[in-house]
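A short write-up of the structure that comes next.
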Amino acid sequence: MALKYLNLGCGNDYRESTEEVKWINADNGRCKYDQHLNMEWHHWPFGDDEFDGIVAIQVLEHMPKYKFIDIIREMYRITADGGEWQIAVPHGFSDNFITDPTHKMAFSTRTFDYLVDGTQLRENGLIYHWEDIHLSHIDPPVLDGNQSIIFHLRVIKLAEQSA
C-alpha cells in the first residue's frame with residue numbers, strides 16, 4: 001500500500017503520486033493543487049491520522065506567529081503515529097527571511113525544540129500547555145546553502161502507545 005503524504009503549501013512544487021507515495025497537494029494560492037487549504041483555518045479538511053507524513057517547504061514562515069501552535073496542532077492531528085515531517089524555512093536572521101515582506105514568523109534551529117521530547121526547551125513548551133504535541137528529531141536541524149533550516153521530525157502519539 002502506498003504511503004500518503006501532504007504537500008503543505010505546495011505552491012509551484014506540485015507532486016505527482018507514484019505507486020510508493022500518494023501525494024495530496026494543498027494550497028490556497030494561484031497554483032495547481034488537489035485540496036484548497038487556508039492554513040489558518042481552525043480545522044483542516046483531513047481526517048485524524050490520515051497522513052504518513054507532511055512536507056512543508058518554504059511555507060510556515062508565511063503564517064502569523066500567533067497561529068503557529070494552532071497550525072502545528074493541525075499537522076499533528078492529521079499525521080499518523082510515527083509519521084514524518086520534512087520542513088524547510090528560511091533562518092530568521094537570513095537575507096531570505098528579512099527581504100520577503102510576506103514572511104511573518106522567524107525560525108531558528110531550536111524553534112521546534114519546544115515540542116521535541118528530551119530537549120532543553122521542551123520544559124517551556126509544557127509551561128505553555130503544548131503537552132499534547134510530541135515530536136522527535138529524526139535528524140538534527142541543519143542550515144542549507146540557501147540560508148534555510150531543514151527540520152526532519154517524527155510524530156509521536158503517546159495515547160496510542162499506551163492504549
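Every number here is computed from the coordinates shown, using simple stated rules; none is lab data. Remember, predicted model here, so these are calculated numbers, not experimental data. Note that each Cβ is placed from the backbone with ideal geometry, even for glycine, and that neighbours are counted across all protein chains shown.
Observations
- A straight Cα-to-Cα reach below 25 Å connects Lys4 with the lysines Lys22, Lys32, Lys157, residues fewer than 8 places away in its own chain not being considered.
- Helix-derived mean residue ellipticity, 222 nm - over the chain, DSSP H n ≥ 4, -39500 (n - 2.57), to 500: -4000 deg cm²/dmol
- Shape descriptor for region 3-162: Rg over Rh equals 0.94 (Cα atoms; Rh from the Kirkwood inverse mean 1/r).
- Placing a label point 7 Å from the Cα of Arg15 along the Cα-to-Cβ direction, the residues of region 74-117 with a backbone N closer than 20 Å are 74-90.
- From the alpha carbon centroid of region 106-163 to that of region 1-79 is 18 Å.
- Percent of beta bridges antiparallel (DSSP, region 3-162, rounded to nearest 5): 40 percent
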